[in-house]
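Written below as structure tokens is the structure these notes are about.
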Amino acid sequence: MSEYDYDLFVIGAGSGGVRASRMAAQHGAKVAVAEEFRVGGTCVIRGCVPKKLFVYASHFSEEQEIAASFGWDVGKSTFDWSKLIANKDKEIDRLNQIYIKNLEASGVEIIQDRAEMRDANTVFLVDQNRIITARTILVATGATPFVPHNVPGAAFAITSNEAFHLETLPKRIVVVGGGYIAVEFAGIFHGLGVETSLLYRGPQILRGFDDDLRDGLAAAMIKRGIDVRTNANVGEIQEIDGECKVTMHDGPEIMTDLVMYATGRIPNTAGLGLESAGIELDGAGAIKVDAYSKTNVDNIYAVGDVTNRVNLTPVAIREGAAFAETVFNNNPVSVDHSDIASAVFSQPELGTVGLTEEQAREKYGEIDVYKSSFRPMKHVLSDIDEKMLMKLIVDKASDRVVGCHIMGPDAGEIVQVVGIAVKMKATKADFDRTIALHPSAAEELVTMR
Ligand code: NDP
């Protein structure tokens, strides 16, 4: 009989926590996972999955224009926001049930409650007012939207959490931020017919991405009709007769119906009792971990966004799996966080893997840059003259492709596969001896000279 109630207690049933729980249970551990909201976590419940459904929904306005160029008479169409929300909710419920079923099938006990740590082996279940103990504890509580507190009226603003449950679609919206969520939601709202402004504090959106993609996306968004403003700092938000007045630091005002903040996410560590277990946090409030996701306390681990390494769902899943393999299968596995492909589901879409041109220049000195810009074939019969952009960054000395950046239809799908080549350290010569698949957009990647 173990001296603890559980071999593993996981706090948070999101992507990382669920994967770790199931794998640890499959290795024979007695596992419980606590979740205070809904099993599935941010990605499934109010992140990647519902977001992508919204992106699909918002694409149909453009698809109709393209359809007309191919001879279709699409007639007059209308959009029903409440139907989208209801259908989206149905799908999220379905996925939530699958996650629950999978956990149960693996023998994991699901505890629907908030869990707070009392010491390195003890957890308090808040609603149940119950103490439990565990040999190993995994913190996988994710992150939560951050809204700057120093902007008067920012409390009137919504975040992505609320955007998934709006009762009505606003006629006008101001999105604040220039990262993944801001550009994705600006595209969603615009595609659904909402008059959209995007306010970003810096000189160009998507800091950290390759400059050609940043410039290309900003220009494309503006051309599509989004009011993209850079070097734009919000001074104050006021609610006046049911409208919102957004006043910028340097004077201009925007009247809108709704303001959405997408100004980053912060690790969910507050109020978790981590200090009572002696767990160290970094300056951003994230849990500090080693390569095996172990905290400074021997039996406590953390995975996913709460550790603020690379905040992407598949990374959390991989970290959760590596943790379970290391601790419960006696096989130390660390996660390689380099060259992770990612997409921004903006409109047009971005896909990227490896180093930006700037990073590659800094790391390798001499590089070759291959660029191609062309009109996607699907658009050639229409008036849409938005260009697709492809870019390969090659280290001159080794001929290795160290970065690939794409803007345009299916950029994410393409880059996922290029990611394999980059991970395998493919050279430009490898790309060149690959025969093109014609006619496709991706063939550009093997025909760039
Ligand atoms: P990001 O970190 O991507 O972007 C935050 C944005 O907010 C930046 O433009 C930042 O500006 C700006 N910002 C930060 N603080 C302030 C402030 N006080 N005032 C004004 N602007 C501010 O965060 P997101 O919220 O967009 O997304 C969170 C994370 O979720 C991402 O990092 C990503 O890892 C993940 N994600 C991934 C997606 C995907 O894979 N497709 C989709 C959505 C999210 P600056 O650049 O100047 O700091």
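Key figures
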item	result
Charged-residue dipole, Cβ positions (Lys, Arg, Asp, Glu), the range 78-172 about Cα centre, Debye nearest 20	200 debye
Euclidean distance of C-alpha centroids, the range 244-260 and the range 84-114, integer Å	39 Å
Exposed-loop-free span, longest in the chain, where chymotrypsin sites (Phe, Trp or Tyr not before Pro) count as exposed if DSSP calls them loop and at most 12 other C-beta atoms lie within 10 Å	73-449
Gyration tensor (alpha-carbon) shape descriptor, the range 319-388, a/c threshold 1.5	oblate
With Cα atoms, 0 to 90° folded angle of helix 211-224 axis to the chain main axis	70 degrees
Cα centre as origin, Lys/Arg/Asp/Glu Cβ charges: the range 371-449 dipole, Debye	360 debye
VAL55 accessible area, assembled protein chains, probe 1.4 Å, Å²	10 Å²
Environment charge at ARG449 (Cβ cut-off 12 Å; Lys +1, Arg +1, Asp -1, Glu -1)	-1
Rounded tilt (10° steps) of 48-69 against the dominant C-alpha axis of the chain	20 degrees
Ranked order, VAL74, VAL194 - accessible area, probe 1.4 Å, largest first	VAL74, VAL194
Carbon and sulfur %, accessible surface of the chain computed with the full protein complex present, 1.4 Å	51 percent
Rounded to 10°, Cα long-axis angle of helix 15-26 versus longest principal axis of the chain	40 degrees
Centre separation in Å (Cα based) which lies between the range 162-227 and the range 1-34	39 Å
Estimated FRET transfer efficiency when R0 is 51 angstrom, pair ARG449-TYR292 (beta carbons, to 0.05)	0.70
Computed [θ] at 222 nm, deg cm²/dmol, the chain (DSSP H ≥ 4; -39,500 (n - 2.57); rounded to nearest 500)	-9500 deg cm²/dmol
Within straight-line cross-link reach of LYS171, lysines at Cα separation under 27 Å, skipping those fewer than 8 residues along the same chain	LYS51, LYS52, LYS76, LYS83, LYS88, LYS90, LYS223, LYS245
Electrostatic dipole magnitude of the chain [Cβ: Lys, Arg +1; Asp, Glu -1; Cα centre; debye, to 20]	640 debye
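The values are calculated or read from the model by the stated rules, or taken from the named source; none is laboratory data. Since this is a predicted model, take the numbers as computed values, not measurements. All Cβ positions, glycine included, derive from the backbone under ideal geometry; neighbour counts span all protein chains shown. The accessibility values were calculated without ligands, DNA or RNA, using every heavy atom of the protein model including side chains. Shrake-Rupley method; radii C 1.70, N 1.55, O 1.52, S 1.80 Å.
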